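Here's the structure, in structure tokens; my notes come after.
Throughout, read-outs are computed from the coordinates displayed, never taken from laboratory work. The shown structure was predicted, so the numbers you read here are calculated from the model rather than taken from an experiment. Cβ: placed from backbone, ideal geometry, glycine included. Neighbour counts: every protein chain shown.
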Amino acid sequence: MKALRFERMGDLSALHIEELPVPIPASGEVLVKVHAASINPSDVKNVEGKMEGTTLPRTPGRDFAGTVVNGPAGLSGQDVWAAGGDIGFTRDGSHAEYIVIPAGGARLKPASLSMTEAASVGVNYITAYLGLVETAHVKRGEIVLVTGAKGGVGSSVAKIANASGARVIGVDREAMGAGKARELGIELSLSGKSQTLQVQVNEFTADKGVDVVFDCVGGPLFEIGLNLLGMKGRQVNITSAGGRRVSFDLVNFYHRQLSLYGVDSRPLDTVASGAILESLKSLFEQKVLTAPSIARTCRLEEAVDAYREVGSGKASGKVVIVFE
């Protein structure tokens, strides 16, 4: 089989295609023929050596959709989707024609999604669900503000919040158009560069502030997010663009009884990630949730250039490797 590989870290020139034997699943594992696998920013960072715990040599790739070709009777021949913080890091990932994963991580793909769409869901939606539902415990009627709202995780947060009955404010570099905001379930779209951001949020919330901030940007927006929270508000952070260190008014923080959560989907292995995908499956089948925007597809032979595109931040949606 063909697989994308790297034996060293540092830059994307380490990536190359190798011909490898088709892996043989051990007891409790399944062999999946990969039909589609998306490229995540974390896949790029992994090759660059910016992620911890990766063992080499390695095939990268955190999420995918495909067909089980060797596994238990209930799964053999079934179309599945999967993701995990182990694949691509401590076990070979999805940027190959075949992958072996634990049987508990291979969940039946929603019939409403194509292979390409299903492959684009994993990391984005798992991170959004982990932060918004399992950590912040969003409730119907609450107001959620998401930064980086047009990005992969941010747009997934907006959709899950909307599906949960929350009202959504989206913040990005520039305010998005009405059509895009409506597609994501965003009632108020704002620019993070606006000098009147606080005023506009106060008007929308009748000066009560938002209940949850899901910060997909960090850095300069970290303290801004905290200041937009109402009493007993919760803020979730998943990254920090531009710098690792932030500051905020600690007295203001505890007087307003705020909560701050750091969320990382990387520790979730394929089985734990599969449980979240299973929780989301019916919402995709009912079309309450939709797949992330797909910028383009590519063949494995084009994957190195696609990695560079994703790493540059220029992709306007998910880039997905498709296998014939």
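Pairs from the table (109/150; 50/139; 50/208; 281/318; 2/159) lying more than 31 angstrom apart at Cα are 50/139; 50/208; 2/159.
3J(HN,Hα) along the range 175-192: 4, 7, x, 4, x, 5, 4, 5, 4, 8, x, 9, 7, 10, 10, 10, 8, x Hz, from the Karplus curve 6.51 cos²θ - 1.76 cosθ + 1.60 with θ = phi - 60°, whole Hz, x for Gly and Pro. With contacts taken as Cα pairs under 8 Å at a separation of at least 6 residues, the range 70-222 carries a relative contact order of 19 percent. Here 79, 63, 215 are placed in order of increasing Cβ neighbour count within 10 Å, fewest first, which gives 79, 215, 63. When both the range 58-96 and the range 105-133 are represented by their alpha-carbon centers, they are found 13 Å apart. Hydrophobic long helices, here whole DSSP H runs in the chain with Kyte-Doolittle means of at least 0.0 and Cα atoms spread over 15 Å or more along the helix axis, are found at 152-163, 270-285. Along the axis of the charge dipole computed for the chain (Cβ charges of +1 for Lys and Arg, -1 for Asp and Glu, origin at the Cα centre), the listed residues 209, 295, 263 are led at the positive end by 209. Hey, if you drop one equal point scatterer on each alpha-carbon of the chain and run the Debye formula without solvent, what base-10 log of I(q)/I(0) do you get at q = 0.09, 0.16 Å⁻¹? The Debye formula, applied to the Cα set alone, gives -0.46, -1.29. Counting charges near residue 135 (Lys, Arg +1; Asp, Glu -1) among other residues having Cβ under 11 Å from its Cβ returns a value of -1.
How high is the relative contact order of the chain, given as a whole-number percent (alpha carbon pairs under 8 Å, six or more residues apart)? Walk me through the numbers before you get to the answer.
On the way: 760 pairs, mean separation 64.7, N = 324.
Relative CO of the chain lands at 20 percent.
A cut-off of 5 Å between modelled amide H atoms, ignoring neighbours fewer than 5 places along the same chain, links residue 229 with 210.
Mind checking the range 260-309 for trypsin sites (Lys or Arg not before Pro) that DSSP puts in a loop (not H, G, I, E or B) and that have at most 10 other Cβ atoms within 10 Å? Spell out each step's value before the answer.
Numbers: sites: 281, 287, 296, 299, 308; in loops: 287, 299.
Taking the range 260-309 and a limit of 10 other Cβ atoms within 10 Å, the loop trypsin sites (Lys or Arg not before Pro) found are 287.
Shown in residue order for the range 74-89 are the 3J(HN,Hα) couplings computed by the Karplus curve 6.51 cos²θ - 1.76 cosθ + 1.60 at θ = phi - 60°: x, 10, 4, x, 8, 7, 10, 10, 7, 7, x, x, 8, 6, x, 10 Hz (x for Gly and Pro).
So how do 298, 216 line up by other beta-carbon neighbours within 10 Å, fewest first? Walk me through the intermediate numbers first.
Values: 298 18, 216 27.
If I rank by nearby Cβ atoms, fewest first, I get 298, 216.
Quick one: net charge of residue 57's neighbours, Cβ under 10 Å, K/R +1, D/E -1?
Numbers: positive: 5, 8, 58; negative: 7, 18, 92.
Spelling it out: positives minus negatives among the neighbours equals 0.
Peptide packing for 47-56, 118-127 was compared via the average number of neighbouring C-beta atoms within 10 Å per residue; ordered from the highest value, the list is 118-127, 47-56.
Each residue in 43, 264, 207, 92 was given a count of other beta-carbon atoms within 10 angstrom of its own, and listing them fewest first yields 207, 264, 92, 43. In terms of its alpha-carbon gyration tensor, the range 1-149 comes out oblate; a/c meets the 1.5 threshold, while b/c is at least as large as a/b.
Centroid-to-centroid, using Cα positions, the range 226-256 and the range 298-319 are 33 Å apart.
Filter the trypsin sites (Lys or Arg not before Pro) in the range 126-186 down to the DSSP loop ones having no more than 10 other Cβ atoms within 10 Å, then list what survives. Before the final figure, lay out the partial values.
On the way: sites: 139, 140, 150, 159, 167, 173, 180, 182; in loops: 139, 140, 150, 173.
Within the range 126-186, the qualifying trypsin sites (Lys or Arg not before Pro) (loop, at most 10 other Cβ atoms within 10 Å) are 140.
Just need the Rg to Rh number for the range 124-262, please, alpha carbons only, Kirkwood Rh. Using only Cα positions, Rg/Rh for the range 124-262 is 0.92.
For residue 261, nonlocal amide neighbours, meaning residues 5 or more places apart or on other chains whose placed amide H falls under 5 Å from its own, are 235, 236, 237.
Based on DSSP, what percent of beta bridges with both residues in the chain are antiparallel, to the nearest 5? If we restrict to bridges inside the chain, about 50 percent are antiparallel. Ellipticity at 222 nm from helices only: DSSP H runs of n ≥ 4 in the chain, each -39500 (n - 2.57), divided by the residue count, give -7500 deg cm²/dmol.
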